[in-house]
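Accompanying notes for the structure given below.
Please treat every number below as a calculation from the coordinates, not as lab data. This one's a predicted model, so the numbers in the text were calculated from it and none came from an experiment. Reconstructed Cβ throughout: ideal geometry from the backbone, glycine too, with neighbour counts over all protein chains shown.
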Amino acid sequence: MIEEIRAKLLAEVEALNHELHVVLPDTLKKAIELGDLRENADYQAAIERQGIIAARLEHLRSRLHKLADVDLSKVPSDRVGLGSRVTVLDLDTQTEEKYEVVIPDAVDVEEGHISVSSPLGQALLDNQVDDVVTVALPFGTRRLRILQIFTLHDEAPESGDHHGVA
């Protein structure tokens, strides 16, 4: 999971660097050739885009640095932690849902990937099979029984086929 996220972030860094060092300089050069820069929308847009890219690159580099600091040996093997795939039973609706607890950069609710820092992620953390957790969400409170856990230390099933709303 960590390597997949790192690869995704590095790909975005590469694309943004290309835009910053190849595409935008060309756009700026063409805009400058047109003359009066005060009223040149292409020039102003390119300058704004440079600032946005620089900020995003700083954020991505920070995330990559923090990702490198993740110590997988400290992820629990017997309870929900980062990277865990969890099957829960909603005690009110009697429906099963599957989630994977991920870092914020890997959230994909449609795939069942929930942030470790989300209310649901926080509620699930450090709990074991058969524990009941209560989650306060904007649309109400949910009670979930943990039915199954696969941690990063287990041979876990594919992360697809997750459903439910975080």
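Think of each Lys and Arg Cβ as +1 and each Asp and Glu Cβ as -1; about the Cα centre, that makes the dipole of the chain roughly 480 debye.
Put simply, the amide H of HIS113, placed in the peptide plane, has neighbours under 5 Å in GLU100, ASP108, leaving out anything fewer than 5 places away on its chain.
Summarising the amide proton neighbourhood of ASN127: residues at separation of 5 or more, or on other chains, whose placed amide H is nearer than 5 Å comprise VAL80.
Note on the chain: GNM, Cα springs under 10 Å; of GLU39, GLU97, GLU12, the largest mean-square fluctuation is that of GLU39.
So for the stretch 75-150, what are the equivalent ellipsoid semi-axes in whole Å, largest first, each being the square root of 5 times an eigenvalue of the Cα gyration tensor? Numbers along the way, then the final one.
Values: eigenvalues 58, 44, 24 Å².
One finds semi-axes of 17, 15, 11 Å for the stretch 75-150.
Helix 24-33 and the long axis of the chain differ in direction by around 30°, with both axes built from C-alpha atoms.
GLU12: net charge of surrounding residues, Cβ under 14 Å, Lys/Arg +1, Asp/Glu -1, itself excluded? Result for the local shell: 0. A simple rule links phi to the HN-Hα coupling: the Karplus curve 6.51 cos²θ - 1.76 cosθ + 1.60 with θ = phi - 60°, which for the stretch 2-14 gives 4, 5, 5, 5, 4, 4, 5, 5, 5, 5, 5, 4, 4 Hz, with x for Gly and Pro. In the structure shown, the pairs LYS30/LYS66; LYS29/LYS66; LYS8/LYS74 are assessed against 29 Å; a Cα-Cα span above that value is assigned to LYS30/LYS66; LYS29/LYS66.
Comparing VAL22, VAL116, VAL70 in a Gaussian network model of the chain (Cα springs below 10 Å), the most mobile by mean-square fluctuation is VAL22. If the viscosity is 1.567 mPa s and the temperature 4 °C, what Stokes-Einstein diffusion coefficient in µm²/s follows for the stretch 7-93 when Rh is the Kirkwood radius over Cα pairs? Diffusion coefficient, whole number: 77 µm²/s.
For the chain, the alpha carbon convex hull comes to 136 Å³ per residue, rounded to a whole number. Over all other residues within a Cβ to Cβ distance under 14 Å of LEU34, the charged ones net out to -2, with Lys and Arg as +1 and Asp and Glu as -1. Taking only C-alpha pairs under 8 Å that are 6+ residues apart, what is the relative contact order of the chain in percent? Normalised by residue count, the contact order of the chain is 21 percent.
GNM remark for the chain: springs join alpha carbons under 10 Å apart, and the peak mean-square fluctuation among GLU19, GLU96, GLU111 falls on GLU19. Rounded to whole numbers, the Karplus 3J(HN,Hα) couplings from phi for the stretch 98-103 are 10, 9, 10, 8, 10, 6 Hz, using 6.51 cos²θ - 1.76 cosθ + 1.60 with θ = phi - 60°, and x at Gly and Pro.
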